[in-house]
Amino acid sequence: MIKVLIVEDDPMVAEFNKRYLEQVEGFELIAVAPSVTDALLILDCQEINLILLDIFMPGMNGFDLLTQVRKQGQGVDVIVVSAACDSQSIKKALRYGAVDYLIKPFEFERFKTALSAYREWVSMTKDQEKLSQAELDLRLLHPTPVTMPSELPKGLTRNTLKTVWENIQEMKERSFSTEEMANCVGISRVSMRKYLSFLTDIGVIEMEIIYGSIGRPVYQHRCPKPENDLIKTYF
């Protein structure tokens, strides 16, 4: 089992990561640390193979932890899980040895892909002392690229998708909920959720999670570029 430490100061986000982790085989959660200081104490007394690391935290941040881990030469890998999406943060994390970078909010499938790829890499390097160029390319350096779907998923229609997109454009980059868009288009929330999920998957709109003080988180959507030629290929 791959032993995991979650370093996240937001209890709700930490719980989401914990639940996601429980759904991926081969991983065991050892602890959740709300700060870098707590994480360093855990690393001193526990065997950890992988850290799921947030960047922005009070006091020392995720980069400080990465620096400490590398200075100490600890054999622990890091997957960054952060809302930081600027190129400088991403480059810095990769330079410090992060094996993957997940931008919040993300879907479970992206989380699963990251952990599955890491698990496969651990298994391959553990079982084989030497790797061929072909194995290295296939498993790590040049994995199969993600392809865009050529057709709409089952249950979605071109006419409704076009209507949804027209209403999204009218939002002019303003955030909106699934219910709000469902009311605008005149379809059920369940159906609207499928259309918004598709648009999120192909990168046309973005999804963010709004955490309230009470109750479940609210999912909001936003279209950063209302003029997008990609979506027109599905009409």
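The values are calculated or read from the model by the stated rules, or taken from the named source; none is laboratory data. Please read all numbers here as calculations on a predicted model, not as lab measurements. In this analysis, Cβ positions are derived from the backbone assuming ideal geometry, glycine residues included, and neighbour counts consider all displayed protein chains.
I'm checking my understanding of the structure. Among residues of segment 210-235 that are among the basic types (Lys, Arg) and assigned to a loop (DSSP other than H, G, I, E, B), which one is modelled with the lowest pLDDT? Break it down stepwise before answering.
Start the filter on segment 210-235 by keeping residues that are among the basic types (Lys, Arg), which leaves 216, 222, 225, 232.
Checking the rest, the ones that are also assigned to a loop (DSSP other than H, G, I, E, B) come to 216, 225.
Details: Arg216: 56, Lys225: 75.
So the residue we want is Arg216.
Looking at segment 71-82 only, could you name the residues that are under 24 Å from the mean Cα position of the chain (by Cα) and exposed (fewer than 15 other Cβ atoms within 10 Å of the Cβ)? Step through it out loud before you land on a result.
Going through segment 71-82, the residues under 24 Å from the mean Cα position of the chain (by Cα) turn out to be 75-82.
Of everything in segment 71-82, just one residue is under 24 Å from the mean Cα position of the chain (by Cα) and exposed (fewer than 15 other Cβ atoms within 10 Å of the Cβ), namely Gly75.
For every residue, the table says whether it meets (1) under 28 Å from Tyr219 (Cα atoms); (2) more than 13 Å from the chain's Cα centre (by Cα); (3) of a type in the set (Val, Ile, Thr); (4) assigned by TED's automatic domain parsing to the domain that holds Val218.
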position	(1), (2), (3), (4)
Ile6	yes, yes, yes, no
Met12	yes, yes, no, no
Arg19	yes, yes, no, no
Val36	no, yes, yes, no
Asp64	no, yes, no, no
Leu102	yes, no, no, no
Phe111	yes, no, no, no
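Looking at the structure I just gave you, is Gln88 part of a loop (DSSP other than H, G, I, E, B), farther than 14 Å from Val36 by Cα and out of contact with any Cys (no Cβ under 8 Å at 6 or more places or on another chain)?
Values: part of a loop (DSSP other than H, G, I, E, B): no; farther than 14 Å from Val36 by Cα: yes; out of contact with any Cys (no Cβ under 8 Å at 6 or more places or on another chain): yes.
Criteria not met by Gln88.
Output the number of residues of segment 92-127 satisfying the condition of being assigned to a loop (DSSP other than H, G, I, E, B) and within 16 Å of Thr200 (Cβ to Cβ). Reasoning before the result, please.
Our first condition is that a residue be assigned to a loop (DSSP other than H, G, I, E, B); within segment 92-127, this holds for 96-99, 104-107.
Okay, now just the ones that are also within 16 Å of Thr200 (Cβ to Cβ), so 104-107.
Here the count works out to 4.
Just to be sure, is Leu156 over 25 Å from Ile79 (Cβ atoms) and modelled with pLDDT of 90 or more? Let's see the steps before the verdict.
Working: over 25 Å from Ile79 (Cβ atoms): yes; modelled with pLDDT of 90 or more: yes.
So Leu156 passes the test.
When Ala117, Ala134 are checked against the criterion of being over 20 Å from the mean Cα position of the chain (by Cα) and at pLDDT below 90, a single residue qualifies: Ala134.
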